[in-house]
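Visitor: Have a look at this one before I ask anything.
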Amino acid sequence: MSAPSREEESEANRLLEEAASSWEEEVAYEAGEKILVADLEFDRVDDGSAPPPFSWKKLWLFTGPGFLMSIAFLDPGNLEGDLQAGAIAGYSLLWLLMWATFMGLLIQLLSARVGVATGRHLAELCRDEYPNWARLVLWFMAELALIGADIQEVIGSAIAIQILSRGFFPLWAGVLITASDCFFFLFLENYGVRKLEAAFAVLIAVMGLSFAWMFGDAQPNREELLMGILVPRLGSKTIRQAVGVVGCVIMPHNVFLHSALVQSRKVDPKKIGRVQEALNYYSIESSAALAVSFMINLFVTTVFAKGFYGTKQADSIGLVNAGQYLEEKYGGGVFPILYIWGIGLLAAGQSSTITGTYAGQFIMGGFLNLRLKKWLRALITRSFAIVPTIIVAIVFNRSEGSLDVLNEWLNVLQSMQIPFALIPLLTLVSKEQIMGTFRVGPVLEISSFLR
């Protein structure tokens, strides 16, 4: 029998690779989807042990995942927590907002560390490292937190659509319109990760400009603003708002999301220098992204603190009627503040529902190891949240207060779900057999848990 030819061998190898790939585990990004970050001059002498020198061009190439992650700090649930904290507690919880954002940054940096150092995201690692019962509990809690966040995001978008259409679209119609954004997400994703990141950058810019405009119109007291940031104060009447601030800033599903987003760049986990380089750049862009999110949250809190703290409307103001109260307080102007609020709220809702779809795919795929087509995963993930959201829109839309109370308690729910994301993260990031030289020390692990 004659030996197989070179062409036959290459064809056999190709078929073996295809067969192997069909049995591969679920991954965050396929190899062809990842962005190549190359340094040709350094690569010639690179032994993988030291990170390359800093490069602004490389920082630009690594910029993106942190800003997608920061959307969870800017969703309608956050805006609800911001406006109620401002209206009920005035400037007194700004220090908590700042430190909660900083705490959120530390957690997100640990999440990115896990994703870059292992080449796998948190849900995948939980699937392999925990017994089946614990894996299913963690998956259920992550899905529960995601559904709670998605209800706020979709309802927030629906309220914005109602405002901008001057009441033409009822709340349930806004919910259905917002639900279709998963198809917009799939459309953008087909054009590559960078196009998707650019779309989110535009939405963040819209939020920033809208709420900065409101901040300029309201002209909050600068001295009280600085005192609120620098001097910690917490009264018995503001405990629920304080818990809500923490819960709406630290989103459990976001911990899973960021560990997957960082894998959109091609980084070899076996090269210590390249991993350290990626972590350095991700630390810079995540810090910048959360600094922007903090400023936007601060704008919203201070606008409502200036306008409504100590007034009879303070206890009744919420996401549903906030635009109406703003218009009554600050007037119409050249461009009515009601519509500025509506545009910012719509950008927050649309961007956060799309990232929620993204997070849902990674959570479900990672915990359950589902290899499904992207459109099917997006449809399943969106259905998980849309069905309860439509029920909420119908049942709770009988009065303004009912939706606002629901949003408050959903923020508290997020706070209760934090340990189910944080404990696995801190456990895994401290294991040397998983993280290698990039495991965190006990001091950072304990301090992150205590925070």
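The values are calculated or read from the model by the stated rules, or taken from the named source; none is laboratory data. Every value quoted in this text rests on a predicted model; they were computed, and no experiment measured them. As a convention, Cβ positions derive from the backbone with ideal geometry for all residues, glycine included, and neighbour counts pool all protein chains shown. In case anyone asks, the SASA skips ligands and DNA or RNA and just uses the protein heavy atoms, side chains included. Shrake-Rupley method; radii C 1.70, N 1.55, O 1.52, S 1.80 Å.
Visitor: Would you mind telling me which numbered condition in (1) under 21 Å from residue 65 (Cβ atoms); (2) modelled with pLDDT of 75 or more residue 381 fails?
Guide: It fails just one condition, (2).
Visitor: For residue 180, state whether it is polar (S, T, N, Q), open to solvent by 10 Å² or more (accessible area, probe 1.4 Å) and farther than 28 Å from residue 330 by Cβ.
Guide: Yes, satisfied.
Visitor: If you check residue 133 against the conditions, is it farther than 28 Å from residue 202 by Cα, part of a helix (DSSP H, G or I) and touching a residue at least 60 places away in the same chain (Cβ under 8 Å)?
Guide: Considered against the rule, which asks whether it is farther than 28 Å from residue 202 by Cα, part of a helix (DSSP H, G or I) and touching a residue at least 60 places away in the same chain (Cβ under 8 Å), residue 133 comes out as no.
Visitor: Next question. Is there a residue being open to solvent by 10 Å² or more (accessible area, probe 1.4 Å), among the acidic types (Asp, Glu), touching a helix residue (DSSP H, G or I) at 6+ places or on another chain (Cβ under 8 Å) and more than 19 Å from residue 322 (Cα to Cα) anywhere in the range 137-151?
Guide: Yes.
Visitor: With (1) open to solvent by less than 40 Å² (accessible area, probe 1.4 Å); (2) in contact with a Gly (Cβ under 8 Å, 6 or more places away or on another chain); (3) at pLDDT 70 or above as the list, and residue 371 as the residue in question, which single condition is left unmet?
Guide: Only one criterion in (1) open to solvent by less than 40 Å² (accessible area, probe 1.4 Å); (2) in contact with a Gly (Cβ under 8 Å, 6 or more places away or on another chain); (3) at pLDDT 70 or above is unmet by residue 371, namely (1).
Visitor: Does the range 57-99 hold any residues that are within 19 Å of residue 199 (Cα to Cα) and not aliphatic (A, V, I, L, M), and which are they?
Guide: 60, 62, 63, 64, 65, 66, 67, 70, 73, 75, 76
Visitor: Name the one entry in 233, 265, 194 that is farther than 30 Å from residue 413 by Cα, surrounded by 14 or more Cβ atoms within 10 Å (Cβ to Cβ) and among the basic types (Lys, Arg). Working first, answer last.
Guide: Details: 233 fails: farther than 30 Å from residue 413 by Cα; 194 fails: surrounded by 14 or more Cβ atoms within 10 Å (Cβ to Cβ).
Result of the check over 233, 265, 194: 265.
Visitor: Right, another one. Look at residue 187 and say whether it is open to solvent by 30 Å² or more (accessible area, probe 1.4 Å) and part of a helix (DSSP H, G or I).
Guide: Working: open to solvent by 30 Å² or more (accessible area, probe 1.4 Å): yes; part of a helix (DSSP H, G or I): yes.
Here the answer is yes, as residue 187 does meet what is asked.
Visitor: Of the conditions (1) open to solvent by 70 Å² or more (accessible area, probe 1.4 Å); (2) among the β-branched types (Val, Ile, Thr); (3) more than 20 Å from the chain's Cα centre (by Cα), residue 202 clears all except one; give me its number.
Guide: It is condition (3) that residue 202 fails.
Visitor: Test of understanding: among 176, 146, which residue is touching a residue at least 24 places away in the same chain (Cβ under 8 Å) and under 16 Å from residue 367 (Cα atoms)?
Guide: That would be 146, the only listed residue that is touching a residue at least 24 places away in the same chain (Cβ under 8 Å) and under 16 Å from residue 367 (Cα atoms).
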